[in-house]
1. For the range 1-58, treating each Cα as an identical point scatterer without solvent, what Debye log10 I(q)/I(0) comes out at q = 0.23, 0.26, 0.28, 0.30 1/Å?
2. For mean projected area of the Cα convex hull in nm², the listed values are [x] 16.8; [y] 15.2; [z] 17.4; which was obtained by calculation from the structure presented?
3. Kindly express, to the nearest 10 degrees and within the range 0 to 90, the angle between helix 171-187's C-alpha long axis and the longest C-alpha principal axis of the chain.
4. Quick one: helix 117-130 against the long Cα principal axis of the chain, what's the angle to the nearest 10°, folded into 0 to 90?
5. Taking θ as phi - 60°, what are the ³J(HN,Hα) couplings along the range 88-104 by the Karplus curve (6.51, -1.76, 1.60), each to the nearest whole Hz, with x for Gly and Pro?
6. Of the chymotrypsin sites (Phe, Trp or Tyr not before Pro) in the range 139-230, which ones lie in a loop per DSSP and count no more than 16 other C-beta atoms within 10 Å?
7. Rounded to the nearest Å, what's the spacing between the alpha carbon centres of the range 78-106 and the range 151-215? Just the number, please.
8. Show me the GluC sites (Glu not before Pro) within the range 28-136 that DSSP assigns to loop and that have at most 10 other Cβ atoms within 10 Å of their Cβ.
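Since every read-out is calculated from the coordinates, none of them should be taken as a lab result. Only a predicted model underlies this, so the values are computations on that prediction, with no experimental measurement involved. Glycine gets a Cβ as well: all are built from the backbone with ideal geometry, and neighbour counts include every protein chain shown.
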Amino acid sequence: MTVWDRPEPPTRPTPLDRERIVAAAIALADEGGLEAVSLRKVAARLDAGPMRLYGYISTKEELFDLMVDEVHAEILPEERPGDWREALRGHAHRTRRATLRHEWLADLLGGRLTLGPNALAVSETMLSALDGLADVDTVMRAVATVSAYTTGAIRREIADLRSERATGLSKLDWQRAHGPHVSRMLATGRFPALAKAMHEGAEVDAETSFSTGLEWVLDAVATKLAPLPG
């Protein structure tokens, strides 16, 4: 039985429910990452005994599932998308914005299908936007392809942000610090393609890079979609 199927315990003198537990856990994760979340710390924030929480949540993994599903409420579109491309594009951008608000989400994106009601509603929105454009397997592959790009790009962006905080160096500061080494390596002539990319390539911000890559992926998906016969 999943955490969503299991009923909550009866009300007790100290008010407690899964909604309050999840809100406290998200606040802790927003402040200190997933490593800051434990049932003991959540209970302390709620001024409740740790054993009280086990009536609502059996494991920390269940708590993470509930946290992810709660953030999926932020990813749900407010209006029905106009077409499949708008649906997948909107989902990608909303997922990125939600992860920038809740960096810990980057560590939990991907993997097994999230079964919470908000996550299922997000999946339904994307799949329904592609309904009738191709066979089911192609539709599933299209959604998976865009999701894989989205997850990978977001994780890379979050990794860069964490690296900046850990080292105290911005991307530009890091490039300056390592510039002499890179220049010596490129001067050997062993890396001509890399040298050309570094000398001639344009520097773009994270949002522009994400948007450009996403449009390329959507263009590729479009070549695989065609209305089903009859």
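1. The Debye formula, applied to the Cα set alone, gives -0.92, -1.11, -1.21, -1.31.
2. Read-out taken from this structure: [z].
3. 40 degrees
4. Tilt of helix 117-130: around 50 degrees.
5. 6, 5, x, 4, 4, 5, 5, 5, 4, 5, 5, 6, 5, 6, 10, 4, 4
6. Those that pass, being in a loop and sparsely packed, number zero.
7. 25 Å
8. Answer by residue number: E78, E79.
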